[in-house]
Structures are given as C-alpha cells and as structure tokens.
Amino acid sequence: MLYCYLDMPSRNTKFYSLLLLFADVLVLVLAFAIAYVIRVQNDPRPLLAPVYAQTYFLTFLTIVPFWILTFASLGLYSSLVYNRRLIEWTKIAIGSVIGILLVIGWEYVTGERFFPARLVAAYALIGSFVLLIVERELMRSLRSLLFRFGRGVSRVLVIGNSEATRDIAHELAQTKKSGYKVVAMNCPARLVPKTLDVEHFSDTDEALAVIKRLHITTIIQTDLYDSSERNQRILGAAQINHIKYSFIPGEAEFYSGKNTVDVFLGYPMISVSQTPLIGWGAIAKRIFDTLVSFVLLIVLSPILLLIVILQKLLNPGPVFYVSDRLSQFSKPVRLIKFRTMRDRPTAHLDAADEFRAMGREDLAQEYERDHKVKNDPRITGFGNFLRVTSLDELPQIFNVLKGDLSLVGPRPILPQEVQFSDGKAALLHSVKSGVTGLWQVSGRSELSFDERIELETFYAQNWSFWLDLRIMFKTLWVVIRARGAK
C-alpha cells in the first residue's frame with residue numbers, strides 16, 4: 001500500500017492568504033500613487049509625455065491582476081513562502097521587477113504611454129518593494145498578536161510513539177510563533193511534555209473520538225503503525241472531519257536529503273541521497289564561496305593586519321594556529337585561525353591529557369563530559385577577546401579560497417571527536433565543513449556536543465541556498481552581539 005498524506009489548507013490559512021492579496025493590491029496602488037506625485041507634481045523638470053492621473057490609475061488597475069497573478073505564481077500567498085521571511089523578501093523583489101516589466105511591456109505592445117517620466121518607473125519599483133515588505137511585516141505582527149489571543153490558531157492532535165512526537169509537541173507549544181496549539185496527544189505517557197496541558201490518550205480510537213469535542217483542526221502523525229488498518233483509521237478520521245492531516249516521519253534519515261520519486265516494477269519508489277547538495281547545487285555553492293571570500297578578504301584586510309600587529313604585542317609567539325580537522329568525506333584539512341592560547345610545550349597532547357599534565361583533573365573530566373571547558377586557563381586575555389568576537393576565525397577565509405572549507409557548513413571536527421559522534425560522522429561530512437553553520441547561530445557554546453551534532457546533521461540533510469543565506473545573516477547578528485565561542 002502506498003501511504004500518502006492529506007494536506008487540506010485550513011480556513012484560517014486561506015483567509016490570511018486572501019488578506020495578503022487585498023493588502024498587496026492596496027500597497028501597489030499606494031506605491032504607484034506616490035511615484036506619480038513625487039515625479040509629476042513635485043518635480044519641475046519636463047515630462048516625456050503628459051499622462052493624466054485618471055488615465056494613469058485606470059491603466060494601472062487593468063494591469064494589477066496580472067501583477068497579483070505573478071505574485072501567486074511565485075508562491076507569495078502560500079504558507080511555505082510567507083512563513084519564511086528571507087524567501088518571502090526575495091520573491092517580493094523578483095515579483096516587483098517582473099511587475100514593472102509587465103507595465104513596460106504593456107506600453108510597448110499597446111503603443112500608449114503609461115509612465116509620464118522614466119523616474120516614475122524607478123520610484124514605483126522601489127516604492128512597491130519597500131511598501132510590500134513593510135505591509136508583510138505588519139501583517140506578520142498582526143497575525144502573531146492574534147495567535148497570542150488564540151485567534152486563528154490551529155488545534156492539533158499529535159499521534160505517535162517516537163521521540164519526534166515529544167519534540168513536535170514541544171515546538172508547537174510556541175503558539176504565538178507557530179499558530180498551532182496542541183490540545184491532545186495519542187502516545188505513551190512518557191512522551192507528553194510536562195509543560196503542556198493536553199488531554200492524553202493511550203488508545204487511538206479514543207483520541208479520534210474527541211476530534212469534534214476538542215474542535216481539532218489538524219492531525220499530525222509521526223509513526224506508521226504495524227497495522228495498516230490503524231493507519232487508515234487515522235487518515236480516514238481527518239478526511240471524514242474535513243481537517244488537515246500531516247505525516248512527519250520520526251526517523252529523519254528517511255525523508256531528509258535529496259529525494260527522488262520514480263516507478264520501479266510498477267511501484268512508486270523513493271530514493272534518498274545523503275544531502276541535496278549535489279550536482280549544480282555544489283557547483284553554485286563553490287562559485288559563491290570563492291567570490292564572497294575574495295571580496296571579504298579585500299574588505300577585511302585592514303582588520304586582519306591590525307590583529308596581526310596586536311598579536312605580536314599582546315600575545316607573543318606564532319600569530320596563527322594551524323589545526324588538523326576533518327572536513328567533507330572526513331578528509332583531513334589544515335584549519336587556520338588566529339592563535340588564542342598560550343604557546344606551550346604540551347600543545348600536541350589531547351586536551352584531557354593536557355589538563356591532567358597541568359594537574360587539573362577537574363578540567364579533564366569536564367572536557368571528557370562536555371568536550372569543552374568554560375574557563376580554559378590556556379586562553380590568553382587577548383585570545384579570549386578574539387574568541388568572544390569570533391575574530392579568531394577570520395583567517396579561515398584562506399581555507400575557503402583554497403577549497404578546504406565552505407562559508408557555511410558543519411563545524412570541522414577534531415579527529416578524536418569522531419568517537420563521540422555516535423556513528424554520524426559520515427553523514428555529517430557528506431557536505432563540506434564551514435566557517436559558520438547552524439550550530440553557531442542556534443546557541444553557540446550553550447549547546448551540548450550531541451545537540452551540535454544533531455543540528456549539523458540536519459544541515460547536511462536539508463541544505464538549501466536559502467538556508468545558507470539565513471545562517472550568514474544570523475551569523476552577523478551573533479557576532480555583533482559578541483556571542484562567540486568561549
């Protein structure tokens with residue numbers, strides 16, 4: 001049996017999309033009105049052609065439906081886009097450019113003048129993009145406010161037996177962000193988060209029987225049961241009650257990475273690669289890394305030179321520290337950083353052995369437990385500054401130019417850390433390691449080693465160009481807040 005999922009857009013989702021559509025129309029009209037007023041009424045320079053305001057707006061209203069269709073084709077009224085800020089902004093920019101080209105194309109085809117001056121088109125393009133961004137952010141804030149008061153929230157029944165069941169319920173508890181409220185769970189009692197006030201059911205039929213009483217609008221299932229009849233009852237309950245149903249596999253390895261669907265001996269066959277970062281994606285990422293790192297090297301060269309001088313004055317000894325790490329396919333690379341530790345004869349030892357040689361058994365045990373220490377006596381004062389501000393990692397730009405690292409990727413691990421990665425090193429290194437990554441913007445040093453490995457495995461399995469851009473922007477924010485590695 002082919003097991004599928006039923007994804008029915010909720011009434012709240014459709015209503016919000018409709019609000020966005022009407023808001024976009026109003027904003028576009030406002031943007032073109034402002035463009036006309038600024039150039040025609042407030043600029044004394046002569047116009048290319050006399051286009052009266054009435055003709056201008058009537059013509060624009062004729063073109064607006066095609067502009068909105070363009071937005072719809074870009075997915076700007078889909079929750080998959082408007083719930084992801086960076087993707088939404090990018091598509092608004094693309095849609096704004098296409099919209100202006102539609103107007104210019106209309107002028108060319110009809111032979112009638114629409115823009116009384118070229119600057120009107122430029123003002124309209126800039127104004128539509130800026131105002132659309134502002135409008136979308138206001139709508140997002142309004143929706144979050146409504147979520148806070150329980151308006152437009154999807155009421156969820158979570159069904160499953162895996163740890164993913166607990167994780168999903170816990171994440172959905174952030175109602176003001178997610179727009180979901182978990183009201184019931186059908187799972188072992190140990191998987192119910194203690195912080196959630198939900199009705200718990202051990203029996204699936206009992207859970208499905210309360211759908212109407214609890215006003216449930218969404219069912220999320222995280223496990224396929226051995227009984228196909230039981231799975232069908234859950235799916236059937238969603239269909240009968242006309243509510244949304246989603247299946248989220250508890251084992252990430254089976255749905256992450258690059259998936260392709262084909263037909264094999266008459267059966268649908270899903271093939272899963274370790275990572276979507278293959279083919280043209282890998283080529284584009286390498287070109288992007290080379291261009292950006294080259295620009296960064298030129299822009300940051302004065303800072304690099306200043307740090308070299310300060311290293312000589314405040315931290316006598318070698319300026320750089322070169323460390324053997326493992327990158328893509330567990331290939332050894334020589335990682336370059338500014339040296340932050342004292343120059344010492346025991347530097348070749350493993351950290352735990354070095355702490356024991358210093359007579360610090362407490363630090364050795366802390367390192368063996370957490371794979372890091374909070375107050376490392378080996379770090380100098382200036383070295384601590386470099387770490388907190390992440391400036392110690394700037395020389396890794398040379399590693400990126402050389403091709404050893406990417407700008408974004410899993411953290412290159414020490415050879416001895418492979419034993420702590422619970423067999424995930426191969427999957428973790430299916431992509432090239434990076435200067436920054438998901439763990440750096442998701443908790444930095446506050447994360448445990450296992451949590452870091454989980455985040456970086458997720459990145460390897462779910463890479464996208466948009467994810468890279470989000471991580472790079474968030475990295476800047478983390479560095480500005482001085483939340484570097486400690």
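Looking at the range 221-241, can you tell me whether even one residue there is closer than 30 Å to Ser17 by Cα, within 26 Å of the chain's Cα centre (by Cα) and surrounded by 14 or more Cβ atoms within 10 Å (Cβ to Cβ)? For the range 221-241, residues closer than 30 Å to Ser17 by Cα, within 26 Å of the chain's Cα centre (by Cα) and surrounded by 14 or more Cβ atoms within 10 Å (Cβ to Cβ): present. Of the numbered criteria (1) at pLDDT 80 or above; (2) within 26 Å of the chain's Cα centre (by Cα); (3) surrounded by 16 or more Cβ atoms within 10 Å (Cβ to Cβ), the one Thr175 fails is (1).
Listed here are the residues, each with its yes/no results for (1) surrounded by fewer than 18 Cβ atoms within 10 Å (Cβ to Cβ); (2) in contact with a Gly (Cβ under 8 Å, 6 or more places away or on another chain).
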{"position": "Leu326", "(1), (2)": "no, no"}
{"position": "Phe329", "(1), (2)": "yes, no"}
{"position": "Thr340", "(1), (2)": "no, yes"}
{"position": "Asp343", "(1), (2)": "yes, yes"}
{"position": "Ala351", "(1), (2)": "no, no"}
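Of the helices (runs of 4 or more DSSP H) lying entirely inside the range 28-127, those containing at least 1 residues that are more than 30 Å from Arg143 (Cβ to Cβ) and not aromatic (Phe, Trp, Tyr) span 53-73, 85-110. Taken over the range 304-355, the residue count meeting the criterion of being farther than 21 Å from Ser293 by Cα, assigned to a helix (DSSP H, G or I) and touching a residue at least 40 places away in the same chain (Cβ under 8 Å) is 5.
Here Tyr321 meets each of (1) exposed (fewer than 14 other Cβ atoms within 10 Å of the Cβ); (2) at negative phi with one exception, condition (1). Which pairs turn up if I take residues in the range 367-385 that are over 25 Å from Val308 (Cβ atoms) and look for partners that are surrounded by fewer than 18 Cβ atoms within 10 Å (Cβ to Cβ) and of a type outside the set (Asp, Glu) with beta carbon separation below 6 Å, at least 6 apart in sequence or on another chain? Hits for this filter: His371/Phe449. Taken over the range 53-89, the residue count meeting the criterion of being of a type outside the set (A, V, I, L, M, F, W, C), closer than 19 Å to Leu131 by Cα and touching a residue at least 60 places away in the same chain (Cβ under 8 Å) is 3.
The values are calculated or read from the model by the stated rules, or taken from the named source; none is laboratory data. Predicted, not measured: the structure shown is a model, and the values here were computed from it. A quick note on method: Cβ atoms are made from the backbone with ideal geometry, for glycine too, and the neighbour counts reach across all protein chains shown.
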